[in-house]
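J.: My questions all concern the structure below.
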């Protein structure tokens, strides 16, 4: 493998990892606050893909992108309000099953409304521009994805660590009841978490599908599962962990394909999951459980 | 005419299928320390949690400043000036001491600097530990932080659930002194304690709670000298 091909694959891998990271953050944040694995997250990502197809059918991209983001956020927050909020005091397994239900609902709804045939993802002209550095060439989206991911992650970390609502989120994630005693409105904070998660999923969806060119009702399943693995790999509940996990899985997957093992690239992700769960169940940056005296 | 900041009338609360509070009535006069003593499981904590809006009441009235607050959300209740220092301190272990104080004033829109200074004056040790994570503090320091955090919302009524739990006697005495100091600043206090001796010594008025009902009430001194209280809670022989 020549240096150029190596760099080319690295770039592709980092780019794919960037989209994965954005989606993985949604899993990790919701887990951090509700201790729920939001199985519908991958399908929210898929729905964002369809939103883009229909928005671009009649609107320019500059309006479509914000519109898609808003619609996705509304979808994500509504799912929480309708399917998870009534189960706030129920055992954790109930809310998890509700999440699986929502996931199937979205997939089947999409199949019913849009059919299971792949639909072409619209081209956003400026993202598709080809750029060259020496022998290296790629579309602009490949370059933008990791940069945008890093910027968004820094904004997010700032929001969580330095702002009042971020502080409320951290408090709620540790102790529902005491957070309420501080005057924090639980439901608002939880909605806010879903808002951020869905926003990042929408951005991730635009970047991911621009590279993939088509959407089916099941487009969200595999990326969703992989991003979940990324979140577990990084240590579920940890945002930097989800980002590192996303990049790692994106890069490994791309290189496996490059070496000709594309058949095994998905299997690799799940073998990785098994290995982590066996040897380091808290992930790379997982919360350590501190014994309280 | 009495001036009660809080009065509870005929309160019934069920909790996990068990009726924990069975028709309790009590009054907390403005500016006083009132204590609620009784054995474990008598329903004392449930009463506080019901006032704070964490638990729903079945029936009865909770009149705070002439308004029935039953059924209000916790955030509304906190906003009106009632805070609860929960049992077991429950500071946020991953937040720094300063952040814990700031989150105590979550609902306030004005500057918190003055209040933070005030809390640091009351508990100088917290100032030294300002940047430390609350989880690394000792039990006594965490209790101070929990009280300081509650003060940040500028409450009119502070409810404390077992502040002496699990602390060394010397530290407990310090906490009791702090309760008196806070009270002198004009904050009304409703104190729930298993350590009846300590609580009655600082309280103006006390209620004895047994299996969900009030069985006895009186001034702190009266209860301290009451034979049945002595026998049941103070560990003295008749």
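J.: May I ask you to order A:224-236, B:201-213 by the average number of other C-beta atoms within 10 Å around their residues, highest value first?
T.: Ranked from most to least packed, the peptides come out as A:224-236, B:201-213.
J.: From zero outward in steps of 10 Å, how is the percent of C-alpha pairs of the range A:117-211 spread across the bins?
T.: Here the calculated profile for the range A:117-211 is 14, 32, 24, 17, 11, 2, 0.
J.: Kindly provide the helix-only [θ] at 222 nm of chain A, computed as the sum of -39,500 (n - 2.57) over DSSP H runs of four or more divided by all residues, to the nearest 500 deg cm²/dmol?
T.: -24500 deg cm²/dmol
J.: OK, next. Work out the mean other chain Cβ neighbour count within 10 Å for the residues of B:80-89 and drop it here as an integer.
T.: Counting other chains' Cβ atoms within 10 Å and averaging over B:80-89 gives 2.
J.: Using only Cα atoms, locate the centre of the range A:258-283 and the centre of the range A:152-203, then give the distance between them in Å, rounded to an integer.
T.: Spelled out, the Cα-based centre of one part sits 31 Å from the other.
J.: So what's the gap between the Cα centers of the range A:83-109 and the range A:1-70, to the nearest angstrom?
T.: 22 Å
J.: Would the range A:17-219 count as rounded, prolate or oblate if I go by the C-alpha gyration tensor, calling it rounded below 1.5 in a/c and otherwise prolate when a/b exceeds b/c, oblate otherwise?
T.: Since a/c reaches 1.5 but b/c is at least a/b, the shape of the range A:17-219 is classed as oblate.
J.: Here's a follow-up. Any chance you could list P(r) for chain B, counting all Cα-Cα pairs in 10 angstrom bins from zero, rounded to whole %?
T.: Here the calculated profile for chain B is 8, 33, 37, 19, 3, 0.
J.: Moving on. How much of the DSSP beta bridge set in the protein assembly as shown is antiparallel, as a percent to the nearest 5?
T.: 60 percent
J.: Compute the Cα gyration tensor for the protein assembly as shown, then decide on rounded, prolate or oblate, letting a ≥ b ≥ c be the square roots of its eigenvalues: rounded whenever a/c is under 1.5, prolate when a/b is larger than b/c in the other cases, and oblate in all that remain.
T.: prolate
J.: Residue by residue through B:94-103, how many Cβ atoms from other chains fall within 10 Å of the Cβ on average?
T.: Mean number of neighbouring Cβ atoms from other chains: 3.
J.: What order, most packed first, do the peptides B:224-233, A:238-247 have when packing is the mean number of other Cβ atoms within 10 Å of each residue?
T.: A:238-247, B:224-233
J.: For chain B, what does -39500 (n - 2.57) per DSSP helix run (n ≥ 4), summed and divided by total residues, give at 222 nm, in deg cm²/dmol to the nearest 500?
T.: Computed mean residue ellipticity for chain B: -10000 deg cm²/dmol.
J.: If you don't mind, another one. Once you have the alpha carbon radius of gyration of the range B:1-142, what is it after dividing by 2.2 N^0.38 Å, with N set to its residue count?
T.: 1.20
J.: Provide a whole-number value for the mean count of partner chain Cβ atoms within 10 Å of the Cβ atoms in peptide A:185-197.
T.: Mean number of neighbouring Cβ atoms from other chains: 1.
J.: If you build the Cα gyration tensor of the range B:134-173 and take the root of 5 times each eigenvalue, what three semi-axes come out, in whole angstrom, biggest first?
T.: Taking √(5λ) for each Cα gyration eigenvalue gives 19, 13, 7 Å.
J.: Out of the DSSP beta bridges found with both residues in chain B, what percent are antiparallel (nearest 5)?
T.: Rounded to the nearest five, the antiparallel share is 55 percent.
J.: Another question, if that's okay. Distance between the C-alpha centers of the range A:221-250 and the range A:115-138? Whole Å please.
T.: A separation of 24 Å, based on Cα centres.
All of the numbers you see were taken from the coordinates with simple rules; none came from a lab. For clarity, every value in this text was computed on a predicted model and none was experimentally measured. Every residue, glycine among them, receives a Cβ derived from its backbone with ideal geometry; neighbour counts consider all protein chains shown.
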